[in-house]
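Peer 1: Here it is, the structure in full.
The values are calculated or read from the model by the stated rules, or taken from the named source; none is laboratory data. Predicted model, so just to flag it, every value in this text is computed and none were measured. Cβ atoms come from the backbone with ideal geometry, glycine included; neighbour counts cover every protein chain shown. Surface areas here come from the heavy atoms of the whole protein model, side chains and all, with no ligands, DNA or RNA. Shrake-Rupley method; radii C 1.70, N 1.55, O 1.52, S 1.80 Å.
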Amino acid sequence: MPADPAGRVKAYLLVTLPTLIGEVHTVSVGGPGEDWDVDTSPPHVGIFNDGGPSRWPVATRPLLRVTAWSDGRTRSWDLAGLCMGVLLAHRIPGIANVREPSSILDDRDPKNDGLMASFTVRTTVRTLSV
């Protein structure tokens, strides 16, 4: 069975981001919860597994989408850029490699009015024996 790359990236960013930026933020698999508020909540990083090809039973190559939400475009862009740098430069436990980054795109989330910045990376994750 394939490992969960989004969960592994979430766990890694939860530990690594505070040491790099010293700012309160939240990280989840998926977007911010319905209680996230652009005016009162800390920035949020959401990790999404958009799927991808498989070389069963050796590895899968899922595309991960990382989106940062905050109260400002520059703040979201900087947080997304930092996350991209961490994913490309660090060894993430349980992920064989991370490559093929996209450019960063930004937009406003109509659900919570937060400003988002998002990118994708291709990962390679070895399958797990059960």
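Peer 1: Can you tell me which of (1) touching a residue at least 60 places away in the same chain (Cβ under 8 Å); (2) under 15 Å from Leu64 (Cβ atoms) is the one Thr127 doesn't meet?
Peer 2: Answer for Thr127: the failing condition is (2).
Peer 1: With respect to Trp77, is the statement that it is in contact with a strand residue (DSSP E or B) (Cβ under 8 Å, 6 or more places away or on another chain), aromatic (Phe, Trp, Tyr) and either more than 22 Å from Leu14 (Cα to Cα) or at pLDDT below 95 (or both) true?
Peer 2: Numbers: in contact with a strand residue (DSSP E or B) (Cβ under 8 Å, 6 or more places away or on another chain): yes; aromatic (Phe, Trp, Tyr): yes; either more than 22 Å from Leu14 (Cα to Cα) or at pLDDT below 95 (or both): no.
Taking the combined requirement at face value, the residue does not satisfy it.
Peer 1: Count, please, the residues in the stretch 111-124 that happen to be of a type outside the set (Ser, Thr, Tyr), surrounded by fewer than 19 Cβ atoms within 10 Å (Cβ to Cβ) and in a strand (DSSP E or B).
Peer 2: 1
Peer 1: May I ask you to verify whether Val9 is surrounded by 20 or more Cβ atoms within 10 Å (Cβ to Cβ), assigned to a strand (DSSP E or B) and modelled with pLDDT of 95 or more? Steps first, please.
Peer 2: On the way: surrounded by 20 or more Cβ atoms within 10 Å (Cβ to Cβ): yes; assigned to a strand (DSSP E or B): no; modelled with pLDDT of 95 or more: yes.
It is false that Val9 is surrounded by 20 or more Cβ atoms within 10 Å (Cβ to Cβ), assigned to a strand (DSSP E or B) and modelled with pLDDT of 95 or more.
Peer 1: I want to confirm something. Restricting to the stretch 64-110 and keeping residues that are among the hydroxyl-bearing types (Ser, Thr, Tyr) and assigned to a helix (DSSP H, G or I), which single residue is most open to solvent (accessible area, probe 1.4 Å)?
Peer 2: Keep residues of the stretch 64-110 that are among the hydroxyl-bearing types (Ser, Thr, Tyr), which gives 67, 70, 74, 76, 102-103.
From the residues that got through so far, the ones that are assigned to a helix (DSSP H, G or I) too are 74, 76.
On the way: Thr74: 90, Ser76: 1 Å².
It comes out as Thr74.
Peer 1: Hey, any hits in the stretch 37-47 for a residue that's within 18 Å of Asn112 (Cα to Cα), aliphatic (A, V, I, L, M) and over 11 Å from the mean Cα position of the chain (by Cα)?
Peer 2: yes
Peer 1: Could you pull out the residue among Pro42, Pro57, Pro32, Pro18 that is under 25 Å from Arg126 (Cβ atoms) and either open to solvent by less than 50 Å² (accessible area, probe 1.4 Å) or modelled with pLDDT under 95 (or both)? Steps first, please.
Peer 2: Working: Pro42 fails: under 25 Å from Arg126 (Cβ atoms); Pro32 fails: under 25 Å from Arg126 (Cβ atoms); Pro18 fails: under 25 Å from Arg126 (Cβ atoms).
So the residue among Pro42, Pro57, Pro32, Pro18 that is under 25 Å from Arg126 (Cβ atoms) and either open to solvent by less than 50 Å² (accessible area, probe 1.4 Å) or modelled with pLDDT under 95 (or both) is Pro57.
Peer 1: Next question. Do any residues in the stretch 1-16 that are farther than 23 Å from Ser54 by Cβ have Cβ atoms under 6 Å from those of residues that are of a type in the set (A, V, I, L, M, F, W, C) and open to solvent by 10 Å² or more (accessible area, probe 1.4 Å), where the two are at least six apart or on different chains, and which pairs are they?
Peer 2: From residues that are farther than 23 Å from Ser54 by Cβ, the pairs are Leu13/Val27; Leu14/Val27.
Peer 1: Answer with yes or no whether Val45 is part of a helix (DSSP H, G or I) and of a type outside the set (Asp, Glu).
Peer 2: Numbers: part of a helix (DSSP H, G or I): no; of a type outside the set (Asp, Glu): yes.
So Val45 fails the test.
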